[in-house]
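Read through the structure below, which is laid out as C-alpha cells, and then see the notes.
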Amino acid sequence: MSVTSTDPLLPWQGESWRQLQQLRERLPHALLFYGAAGTGKTRFVEAFAKSLLCESPTPEAHACGVCPSCNWFSQSNHPDYRRVRPEVLEDEPGEDDSGEEKKTAKASKAPSKDIKIDQIRALADFMNVSTHRSGLRVVMLYPAEALNTAAANALLKTLEEPPPGTMFLLLSNRLDRLLPTILSRCRKFALNAPGHDEALAWLKQQGVKDADAWLAEQGGAPLAALEAAQGEGREALDELLRQLAQPGVDGALRAADKLQKTPAAELVGWVQRWLYDLLSLKSAGVVRYYPRYGKELGRLAERVDALALSKALRGMGDRRAIADHPLSAKLFIEEMLIDYARMFE
C-alpha cells in the first residue's frame, strides 16, 4: 500500500496526538490503542514509538528523524524496539492495521495468523538486557486480538510485573476479543476514524479513482479503501456483486468456479456487507457499503423479509469461523451463494 505523504501522522490524527502528549509526564507501562481497522492506528503508534526512543524530539514531540535512534528505527534495527505480530504480517514492514492477510515467501506452509507464546517468551531476553542508551525499551504488539490463549496468558504475567524502563504499546481492532485481565492492565486510548469528507479528500490526494465508492465499500476506513483500490481483488469483488445482484442457482455455480481462488474469508466479508445493506435498506432506507448498487439492492429488498436477512447474517458469522480453512473452497462458495439465492425464490 502506497501513501504519498511524508508526515508521520495522517491528517485526522493531529488531535489524538495532542491528547496523547498529555500522558508523557506520567506514562503507564502499557497503552492499548483501539479503533476501527484500516484507519491508521499502526502508523500512529509507530510514530509514537519512534518519538519515545528519539534523542532530540521536536517541540510537538515528534521524532526528529536525524538522530542515531531515529536512523536505527527507520532501518528497522533499533536495539531497544521490538514489534510482535503474527507471521502473516511479518514480511510487510509497512502494512496497515486492517488485519488482512499479506503475501509471504513461505509458500509451503500457510503463515500463522496468531501471536504465539514463543513470541512472548522471546521478549524475556530483550527485556533483561540493559537498554542501548539508557533510555526506554519499547514493545509494540498488534493486533492484540491475534494473541492465542497461551500467548495472552504469558503476556498477562509480564503486564502484571512489568520490567522497569519498558513501555508496551498494544493495538486492537476489537476490544471484545481481548481478555478482561489484559484490558485491566492497560491504559486504553481511543483512535477515532476520520469523518467521511476528510477520509474522501485524503483518498483523492492519493490518486484513488472512484474514491467515494471505495470508501463506502470499506466501511469508511480510508487505509483499507486505499489498499483495496491498489490491490488485485477488484475483479473478484465485481464478479461477486454481479451474482448477488442477480441471485440464482446456475449463476451461483458459475461464480463459485470463477471465485474459488479468492480467499474465502474475503468473500464472506463482502457478502456480509451486502446482506447488511439489504437489511439496512429494508429497515431504515439506507445503503452503507455498496451505494453504486442501490437500485439492485432496492429491488432485492422488496423480495425478502427482514427475518430471513437477519438469519442469513447470523449464518455468515458461522461461515466466517471456518472460512480460513474450508475443506473445498469451491464447494464452500457454492453453498454460500446458493443459500443466498434461495432467499429470493
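The values are calculated or read from the model by the stated rules, or taken from the named source; none is laboratory data. Being a predicted model, the structure only gives us computed values, none of them experimental. All Cβ positions, even for glycine, are placed from backbone atoms using ideal geometry, and neighbour counts span all protein chains on display. Heavy atoms of the whole protein, side chains included, go into the accessibility calculation; ligands, DNA and RNA do not. Shrake-Rupley method; radii C 1.70, N 1.55, O 1.52, S 1.80 Å.
For the reader, a short list of remarks on this structure follows.
- Looking only at the stretch 295-309, residues that are farther than 17 Å from GLU345 by Cβ and at pLDDT 95 or above come to 4 in all.
- Check on VAL304, open to solvent by less than 70 Å² (accessible area, probe 1.4 Å) and not hydroxyl-bearing (Ser, Thr, Tyr): yes
- As a summary of the residue check, GLY251 satisfies the conditions (1) open to solvent by 60 Å² or more (accessible area, probe 1.4 Å); (2) part of a helix (DSSP H, G or I) except for the one numbered (1).
- Selection from the stretch 154-177 of residues that are out of contact with any Ser or Thr (no Cβ under 7 Å at 6 or more places or on another chain), in contact (Cβ under 8 Å) with a residue 12 or more places away in the chain and in a helix (DSSP H, G or I): ALA154, LEU155, THR158, LEU159, GLU160, LEU175, ARG177
- When residues in the stretch 48-79 are screened for being more than 21 Å from VAL129 (Cβ to Cβ) and aromatic (Phe, Trp, Tyr), 1 of them pass.
- Of the residues making up the stretch 41-58, one or more are surrounded by 15 or more Cβ atoms within 10 Å (Cβ to Cβ), charged (D, E, K, R) and out of contact with any strand residue (DSSP E or B) (no Cβ under 8 Å at 6 or more places or on another chain).
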